[in-house]
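> Can you read through this structure? Questions will come right after.
The values are calculated or read from the model by the stated rules, or taken from the named source; none is laboratory data. Remember, predicted model here, so these are calculated numbers, not experimental data. Counting neighbours? That spans all protein chains shown, and the Cβs are built from the backbone with ideal geometry, glycine included.
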Amino acid sequence: MEKVVSKLAALGIPGLVLLVAMGATGLGGAAAITAALAALGPFGILGGIASLGIIALVVEGVTKYGVDSIFVAVVKELYERGETKESILQKIKKYPISNDLKRKLREKLDKM
């Protein structure tokens, strides 16, 4: 059941992004789809399709593992790549996340 929910969420969010982009174009029908996809991607329509695919992957990861786990994994990866604890702490301060999650990330960083 969890896998089904994860897949549905991964498919639903990119659809919502496309709908919002289509609404922002002020066009209708195929022209709205074309303009929205071109606006979403760095390389026109193909880039827009790729962007929606990347959004789907990110959403699937978030629904499968949770936001907390993803942020912890990012902090761990930054540390393993050789960044200093001080530079990671500066990044944590800038993240648009709750203070509770920032505290958890600082605690995880202290244990590394």
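> Sort through Gly53, Gly47 and tell me the only one that's over 14 Å from the mean Cα position of the chain (by Cα) and not aliphatic (A, V, I, L, M).
Going through Gly53, Gly47 in turn, the sole match is Gly47.
> Please identify the pairs in which a residue from segment 16-27 that is touching a residue at least 24 places away in the same chain (Cβ under 8 Å) and surrounded by 15 or more Cβ atoms within 10 Å (Cβ to Cβ) has its Cβ atom under 7 Å from the Cβ atom of a residue that is β-branched (Val, Ile, Thr) and in a helix (DSSP H, G or I), counting only partners at least 6 apart or on another chain.
Filtered contacts from segment 16-27: Val17/Ile55.
For (1) part of a helix (DSSP H, G or I); (2) in the same structural domain as Val17 (by TED's automatic domain parsing); (3) out of contact with any helix residue (DSSP H, G or I) (no Cβ under 6 Å at 6 or more places or on another chain), each residue gets a yes or a no:
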residue	(1), (2), (3)
Ile55	yes, yes, no
Glu77	yes, no, yes
Gly82	no, no, yes
Ile88	yes, no, no
Pro96	no, no, yes
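> With respect to Ser87, is the statement that it is at pLDDT 90 or above, among the polar types (S, T, N, Q) and out of contact with any Phe, Trp or Tyr (no Cβ under 6 Å at 6 or more places or on another chain) true?
In short, yes.
> Regarding segment 60-72, can at least one residue be identified that is outside any loop (DSSP other than H, G, I, E, B) and more than 14 Å from the chain's Cα centre (by Cα)?
Scanning segment 60-72, I find at least one residue that is outside any loop (DSSP other than H, G, I, E, B) and more than 14 Å from the chain's Cα centre (by Cα), so the answer is yes.
> Right, next: Consider Lys102 carefully, then state whether it is part of a helix (DSSP H, G or I), touching a Phe, Trp or Tyr at 6+ places or on another chain (Cβ under 8 Å) and not assigned by TED's automatic domain parsing to the domain that holds Val58.
yes
> Assess whether Phe43 counts as being touching a Phe, Trp or Tyr at 6+ places or on another chain (Cβ under 8 Å) and of a type in the set (Phe, Trp, Tyr).
no
Residue-by-condition table, conditions (1) touching a His at 6+ places or on another chain (Cβ under 6 Å); (2) modelled with pLDDT under 85; (3) surrounded by fewer than 12 Cβ atoms within 10 Å (Cβ to Cβ):
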| residue | (1), (2), (3) |
| --- | --- |
| Val5 | no, yes, yes |
| Pro42 | no, no, yes |
| Ser51 | no, no, no |
| Val72 | no, no, no |
| Lys94 | no, no, yes |
| Ser98 | no, no, yes |
| Lys104 | no, no, no |
